[in-house]
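First the structure, in the form of structure tokens, and then the observations on it.
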DNA sequence: AAACCTTGAAGAAGCGCTTCTGCATCGGAT
DNA sequence: ATCCGATGCAGAAGCGCTTCTTCAAGGTTT
């Protein structure tokens, strides 16, 4: 930088201002400095810049899961979409988005951050706690299950979405809708559970919930559904709180010789390619993860730059996507509803 | 840090030395400082540390491809394995391994690096050029096609491996072995091509090469093989320079009603899960990407730390893994060889 | 013509560390 | 008793930027 200053016949201050568009300099000076700078192939030191400015222009996107080992980030469409849109939005705002798993940070020296997005924080989330300790601005995608409105958040309207999905199932002829749920460690699962129970109370039916283990895989859904389907009072519809669980439910139905949707309706939370391509294709509550990612980054950028944040808790609408797995029944059981 | 120094009743120098295991300090002082430091929850600023030391402890792993858009990093077993082992080795040496695609760097401000591994550099690789310009130490996995021994490298013995594979095919009864090759922009492809041609000359047979386009997918292999198989003088064995190409060859054979291995032997460069699980399972030249990744990181670490590098050009052995797709023929054609 | 504002740019003080150098003190060796 | 090499630690100079402050020169206003 000093060399550029000398070559341009100005001070380092002027070089800095010219290159960063700050200060009160006429355009001619700026252009001159810029010309010299890239003639010399000057590359500013990001490290020095960060130290001096106190900003790193890095944001983290961390995914929290109760059980890290069994979790494959890329296996869930939701995260991939959220991540993609967040990365793009971050770039637009001049930030780099760094991916990390909440467990991964422990080993490596964490990169210096200006802010972080925590996706689906769990109860007593370690990453969340660490960010707060370091006073790093955080936006959560989904809410902190511990302290509802403690942090800025972007979330889906899971309660409303769940009810709409249950209504959809009922309309399709379901009379006993069971819930296959992950462990209630994420806010979205808590929301879904409560909405389900409230819905059941209002409809005056008994809720039936089967919990999958911490590994939210097809196998977990398969196991949870097998229990439900082989027991007494077999449900005629199952709503699963994750697409992969729903896929597992579908497999369980197949194993038990149940036809979908004729003997069992199946729907899942969160749309995914796998669900779309499954046979039968699965009805899903679409969450619009791209929108979540974008809004989270925008909010975080405002936070980091000390700009006012319009809405500390943004809600993104969900949408029921009806597919073959909940096609309206034409037989006797469907008619009995009316 | 100043606070820690005051709380411990020592100078900042001593704090720095104690925490980093440098200087001439008795263990008691070190322990004392450390105790105080984490009582105060002191976290050193990585940025300041980097600026002062001139080191970032970051290494990059960049994958070069001639055509970025059509390339899915995670779709190739080879890269995933290489990356995993490299990450672990890097961590052992106290470095973070940052993944990047050579094109991705252009937009974002690149993270400051101590060194970089360029996987399969292409001809006039932009990432390689940029690292050299910035005088960042580089180790290539595969060699720079432009200037053979310009940079430190870790590579497979592709020439020897290709010959062994061709021998294997010949022993299995092949008489006309064709090559399905990617574009010769990577050293490994150039190596394979040359070895193939040399082998043909020695065996006094005419070489037959079909080039796939820049997208090294199953579709590309399918197209390249379809040409070969529908033309005159149909080959009775095909060696493809990438597992995904080989999978495409297999599909092409199936389409044309050719049985593998009875009518056509198929082998591919680079072992992969997909090839193992294909039907028939594909014979492959295993490249041991884990070893490549490890050795590359070790070499790079030595380079970065100004330690002497024992071998500037490491070679990792390849191994023919015979599978169903090249099972020895028992019929007449196999016997004709002798 | 005096007082004031604007414009263009330089000076200098850090940001929070590392590291080189210096300087006591103390225990042996002579 | 003297000298010398360890040993234990502090001072201070940066690393390469940003940014706050200052300041001169020129242009306006009354």
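The values are calculated or read from the model by the stated rules, or taken from the named source; none is laboratory data. Remember, predicted model here, so these are calculated numbers, not experimental data. No Cβ is skipped: glycine too gets one built from the backbone with ideal geometry, and neighbour counts run over all protein chains shown.
Of all residues in the stretch B:1-23 being under 43 Å from the mean Cα position of the chain (by Cα) and not in a helix (DSSP H, G or I), which is farthest from DNA strand C (Cβ to nearest atom)?
Residue satisfying both the conditions and the ranking: B:21.
Taking residue A:320 and the conditions (1) free of Cβ contacts under 8 Å to residues at least 40 places away in the same chain; (2) under 19 Å from residue A:157 (Cα atoms), which numbered condition does it fall short on, given that it satisfies the others?
That leaves (1) as the condition not met.
Mind checking which residues of the stretch B:24-60 are more than 8 Å from DNA strand C (Cβ to nearest atom), within 10 Å of chain A (Cβ to nearest Cβ), part of a loop (DSSP other than H, G, I, E, B) and free of Cβ contacts under 8 Å to residues at least 24 places away in the same chain?
Across the stretch B:24-60, the qualifying residue is only B:41.
Of these, A:209, A:190, which one is surrounded by fewer than 24 Cβ atoms within 10 Å (Cβ to Cβ) and out of contact with any strand residue (DSSP E or B) (no Cβ under 6 Å at 6 or more places or on another chain)?
Result: A:190 is the single residue among A:209, A:190 that is surrounded by fewer than 24 Cβ atoms within 10 Å (Cβ to Cβ) and out of contact with any strand residue (DSSP E or B) (no Cβ under 6 Å at 6 or more places or on another chain).
Restrict the check to the stretch B:54-64 and report whether at least one residue is within 30 Å of residue B:126 (Cα to Cα) and near DNA strand D (Cβ under 7 Å from one of its atoms).
Yes, there is a match, as at least one residue in the stretch B:54-64 is within 30 Å of residue B:126 (Cα to Cα) and near DNA strand D (Cβ under 7 Å from one of its atoms).
Kindly establish whether residue B:112 is within 14 Å of chain A (Cβ to nearest Cβ), farther than 27 Å from residue B:320 by Cα, in contact (Cβ under 8 Å) with a residue 60 or more places away in the chain and crowded, with 16+ Cβ neighbours inside 10 Å.
Working: within 14 Å of chain A (Cβ to nearest Cβ): yes; farther than 27 Å from residue B:320 by Cα: yes; in contact (Cβ under 8 Å) with a residue 60 or more places away in the chain: yes; crowded, with 16+ Cβ neighbours inside 10 Å: yes.
When the stated conditions are applied, residue B:112 passes them.
On the basis of being modelled with pLDDT under 95, over 30 Å from residue A:146 (Cβ atoms), within 13 Å of chain B (Cβ to nearest Cβ) and away from DNA strand D (no atom under 16 Å from the Cβ), does residue A:91 make the cut?
Here the answer is yes, as residue A:91 does meet what is asked.
Does the stretch A:72-86 contain at least one residue that is within 14 Å of another protein chain (Cβ to nearest Cβ), modelled with pLDDT of 95 or more, in a helix (DSSP H, G or I) and away from DNA strand D (no atom under 12 Å from the Cβ)?
Within the stretch A:72-86, one or more residues are within 14 Å of another protein chain (Cβ to nearest Cβ), modelled with pLDDT of 95 or more, in a helix (DSSP H, G or I) and away from DNA strand D (no atom under 12 Å from the Cβ).
Conditions tested, residue by residue: (1) buried (at least 21 other Cβ atoms within 10 Å of the Cβ); (2) within 14 Å of chain A (Cβ to nearest Cβ); (3) touching a helix residue (DSSP H, G or I) at 6+ places or on another chain (Cβ under 8 Å); (4) at negative phi.
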| residue | (1), (2), (3), (4) |
| --- | --- |
| B:95 | yes, yes, yes, yes |
| B:99 | no, yes, yes, yes |
| B:125 | yes, no, no, yes |
| B:128 | yes, no, no, yes |
| B:141 | yes, no, yes, yes |
| B:146 | no, no, no, yes |
| B:170 | no, no, yes, yes |
| B:179 | yes, no, yes, yes |
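Could you check the stretch B:2-19 and list, in sequence order, the residues that are more than 9 Å from DNA strand D (Cβ to nearest atom) and under 18 Å from residue B:52 (Cα atoms)? I'd like the intermediate steps shown before the answer.
To start, the set of residues in the stretch B:2-19 that are more than 9 Å from DNA strand D (Cβ to nearest atom) comprises B:2-4, B:6-7, B:19.
The answer is B:2, B:19.
Tell me which of these residue A:280 doesn't satisfy, since it passes every other one: (1) in contact with a strand residue (DSSP E or B) (Cβ under 9 Å, 6 or more places away or on another chain); (2) modelled with pLDDT of 95 or more; (3) part of a loop (DSSP other than H, G, I, E, B).
With respect to (1) in contact with a strand residue (DSSP E or B) (Cβ under 9 Å, 6 or more places away or on another chain); (2) modelled with pLDDT of 95 or more; (3) part of a loop (DSSP other than H, G, I, E, B), residue A:280 is out only on (2).
How about the stretch A:102-195: which strands (runs of 3 or more DSSP E) wholly inside it have at least 1 residues that are over 21 Å from residue A:246 (Cβ atoms)? Before you say what the answer is, go through the steps one by one.
Working: elements: A:115-119, A:138-141, A:152-156, A:177-181.
Hits in the stretch A:102-195: A:115-119, A:138-141, A:152-156.
Taking the residues in the stretch B:20-38 that are buried (at least 17 other Cβ atoms within 10 Å of the Cβ) and within 22 Å of residue B:50 (Cβ to Cβ) as candidates, determine which candidate is nearest to DNA strand D (Cβ to nearest atom).
So, considering only residues that are buried (at least 17 other Cβ atoms within 10 Å of the Cβ) and within 22 Å of residue B:50 (Cβ to Cβ), the one nearest to DNA strand D (Cβ to nearest atom) is B:33.
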